[in-house]
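The values are calculated or read from the model by the stated rules, or taken from the named source; none is laboratory data. Remember, it's a predicted structure, so these values are computed and weren't measured experimentally. Cβ atoms come from the backbone with ideal geometry, glycine included; neighbour counts cover every protein chain shown. Heavy atoms of the whole protein, side chains included, go into the accessibility calculation; ligands, DNA and RNA do not. Shrake-Rupley method; radii C 1.70, N 1.55, O 1.52, S 1.80 Å.
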Amino acid sequence: MKLRLSSLLLLAALCARAHAQQPQGAVEALRSLCSQPANHTAFTFDHNMLQVAEGYIDDGSEGKRAFAALNSITVENFHYHEPAFYLPESMSALVAVYNAAGWKHLVNQNAPPRESASPHAPITDLWLHFRSGEIDDVTVLVRGQREMNLIEVSGALRPLDLVHLSGHFGIPKIDPSAVMVPAPPGK
């Protein structure tokens, strides 16, 4: 019995390690981001699931390399019954949490502050965490009028790998007309 229990604990620790590592305080900031309650759904593709799915993706050798570099992908969806109002102070707190943990924040340049609180079109925030010149974690937050999506990708990725992964597993397709710029200091 002890062998089984220790094996289960080891397996649980390995699975927890495989998922994207959100900075401390990010979950709380995300939960308080909107002024109203939401229906919440989430799913995670772990490394083994991604390896199986890789066989179904025909995206050339570069796409295969991108999938092989993944540890996990987690997708969370928050659906609101009424149009959402995203609290600016909660968004500032979320940004501060990621900045304090060393993540780089890219924002949708076309979203003025007023639109950011009550968007008519989806607004995308992207956070990247680097380790030794590679991206090890990516968080994409898409805020819309009635839903918010959070996509977390963990692995050893090159920036070009993100292009190959877009459009798969809930990762938004890269829009060629989107203009993403580094956030100003403190944002």
Quick one: in segment 23-36, of everything that is at pLDDT 90 or above and in a loop (DSSP other than H, G, I, E, B), which residue is surrounded by the fewest Cβ atoms within 10 Å (Cβ to Cβ)?
Q24
Pull up segment 38-63, narrow it to residues that are at pLDDT 90 or above and open to solvent by 70 Å² or more (accessible area, probe 1.4 Å), then point me to the one that is farthest from Y86 (Cα to Cα).
F43
Would you point out which residue out of L8, L70 is at pLDDT below 90 and more than 18 Å from L150 (Cα to Cα)?
L8
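Listed here are the residues, each with its yes/no results for (1) under 29 Å from H81 (Cβ atoms); (2) modelled with pLDDT of 70 or more; (3) open to solvent by 20 Å² or more (accessible area, probe 1.4 Å).
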| site | (1), (2), (3) |
| --- | --- |
| G102 | no, yes, yes |
| Q109 | no, no, yes |
| R114 | yes, yes, yes |
| H129 | no, yes, yes |
| E134 | no, yes, yes |
| T139 | yes, yes, no |
| P159 | no, no, yes |
| I171 | yes, no, yes |
| D175 | yes, no, yes |
Going by the conditions given, is S92 among the hydroxyl-bearing types (S, T, Y), at pLDDT 85 or above and either out of contact with any strand residue (DSSP E or B) (no Cβ under 7 Å at 6 or more places or on another chain) or open to solvent by less than 20 Å² (accessible area, probe 1.4 Å) (or both)?
yes
Y98 vs. criteria aromatic (F, W, Y), in contact with a Pro (Cβ under 6 Å, 6 or more places away or on another chain) and either at pLDDT 90 or above or part of a loop (DSSP other than H, G, I, E, B) (or both)
yes
Of all residues in segment 141-157, how many are farther than 16 Å from T41 by Cβ, open to solvent by 30 Å² or more (accessible area, probe 1.4 Å) and at pLDDT 90 or above?
1
Close pairs from segment 149-167: first within 23 Å of H79 (Cβ to Cβ), partner β-branched (V, I, T) and at pLDDT 70 or above, Cβ under 6 Å, at least 6 apart:
N149/V142; I151/V75; I151/V140; E152/T74; E152/T139; V153/I73; V153/V138
May I ask you to list pairs of residues, at least six apart or on different chains, whose Cβ atoms are under 6 Å apart, with the first in segment 68-89 being within 21 Å of E152 (Cβ to Cβ) and open to solvent by 70 Å² or more (accessible area, probe 1.4 Å) and the second being part of a strand (DSSP E or B) and among the basic types (K, R)?
none
Only one of (1) closer than 30 Å to V95 by Cβ; (2) part of a loop (DSSP other than H, G, I, E, B); (3) at pLDDT below 65; (4) open to solvent by 60 Å² or more (accessible area, probe 1.4 Å) fails for A20. Which number is that?
(4)
